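Structure, as structure tokens:
The values are calculated or read from the model by the stated rules, or taken from the named source; none is laboratory data. It should be emphasised that the depicted structure is a prediction, and the values quoted were computed from it without experimental measurement. Note: ideal-geometry Cβ built from the backbone for every residue, glycine included; neighbour counts use all protein chains shown.
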Amino acid sequence: MTATQTATVDQRATLRGIMAICLTGSLFSMGDVMAKYVTQDYPVLLAVWARYTVQMVVMSVMFLPRRPLDLIKSNRPWLQIARSGSNVVSTCLFIYAIGFLPIAEATAIGFVSPLMVVALSVPLLGEVVGIRRWTAVGVGFAGALVMIRPGFDSFNWATLLIVFTAFIYALFQIATRILSAYDKPNVTLFYTSAVGVVMMSIVVPFVWTEVPLWAWGLMAAQGVLGGLAHYFLIKAYTLAPVSIVAPYNYTQIVTSAALGFFVFGAFPDALTWVGAAIVIGSGLYVIYRETHLIRSGAAAERRAAKAD
């Protein structure tokens, strides 16, 4: 294969990766809209149980190996359980919070989570964060405050719940980073769904109620969309570099705004968009800096190898 053909293949793979990450955001947004709609009348915990149960089925069909027991063989099982448990908690809290907030606003505030990962990586992972990334984190949190507006008449307590959810999800992401060195992705995905089913099956009897078929359909659809979203997320990062596809995660805010408007008639106000733009800009800068540092380190290693 010539250099030109190789470049063409890489470009096509990158384009597919970008399309996959955009589709991932759209699927997550659609699932959130369904969750918000159905939990207006039925318990959040019941909806989350249905979501994880169906997602477990979808993920099993997609990733079930010839030897199913391989999925439960983790080198860090307790960390897998803790990570998956944090995801269950953040999912429940997020779905509860969006009952009081526009979907797009909740999604935009939730994107402070990558900035929290940078801050938490210092004490939890021992990483060194320079002044530029700390500044980006500070600016990002300022953008979140613009959206939250504490002390103003438009302040909504549910925005603080979204911030707490973002914090829990940041811990989830850090655990994911750690586990990537010990377990295969399909093992981590299995634990995510399996622990969710077990945890929610314990609590769901206490909130069980009669649910019509259409509501069960929406709850089940959440699980299907969640399973597909995780699949396309994996595909995106397989097809293209993280530094290229990660920024397209923010298209989820636009998708959430559009769906929220068409389904609920709610659209974020100007200050929400300003705050979202600040958070997005900070997040993009963090991605740029991390990519730059990784490339600089790789270049230094190559120079050292040549010197040897």
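The residue list Val207, Val195, Val187, Val137 contains one member that is among the β-branched types (Val, Ile, Thr), within 16 Å of Thr91 (Cβ to Cβ) and surrounded by 17 or more Cβ atoms within 10 Å (Cβ to Cβ), which is Val195. Taking the listed residues Ser113, Ser121, the one that is modelled with pLDDT under 90 and touching an Asp or Glu at 6+ places or on another chain (Cβ under 8 Å) is Ser121, with no other qualifying. Those residues that are within 16 Å of Thr159 (Cα to Cα) and outside any helix (DSSP H, G or I), I need them from segment 64-101; list them, please. Scanning segment 64-101 gives Ile98, Gly99, Phe100, Leu101. Taking the criterion of being of a type in the set (Gly, Ala, Ser) and closer than 13 Å to Leu284 by Cα, the residues of segment 123-146 that qualify are Ala136, Gly140. Among residues of segment 123-144 that are in a loop (DSSP other than H, G, I, E, B), those with a beta-carbon under 6 Å from a residue that is of a type outside the set (A, V, I, L, M) and surrounded by 12 or more Cβ atoms within 10 Å (Cβ to Cβ) at least six positions away or on a different chain give the pairs Glu127/Ser121. With a requirement of 2 or more residues that are in contact with a His (Cβ under 7 Å, 6 or more places away or on another chain) and at pLDDT below 85, none of the helices (runs of 4 or more DSSP H) lying completely within segment 242-308 satisfies it.
Going by what's in this entry, would Val61 be described as outside any loop (DSSP other than H, G, I, E, B) and surrounded by fewer than 22 Cβ atoms within 10 Å (Cβ to Cβ)? Spelling it out, Val61 is indeed outside any loop (DSSP other than H, G, I, E, B) and surrounded by fewer than 22 Cβ atoms within 10 Å (Cβ to Cβ). Going through Ala119, Ala82, Ala47, Ala106 one at a time, which residue ends up being closer than 30 Å to Ile287 by Cβ and buried (at least 23 other Cβ atoms within 10 Å of the Cβ)? Among Ala119, Ala82, Ala47, Ala106, only Ala106 is closer than 30 Å to Ile287 by Cβ and buried (at least 23 other Cβ atoms within 10 Å of the Cβ). For segment 210-235, the candidate set comprises residues that are outside any helix (DSSP H, G or I) and free of Cβ contacts under 8 Å to residues at least 24 places away in the same chain; within that set, the residue that is surrounded by the most Cβ atoms within 10 Å (Cβ to Cβ) is Pro212. Only one of the listed residues (Ile178, Ile168, Ile162, Ile202) is assigned to a helix (DSSP H, G or I), over 22 Å from Thr53 (Cβ atoms), modelled with pLDDT of 90 or more and not acidic (Asp, Glu). That residue is Ile162.
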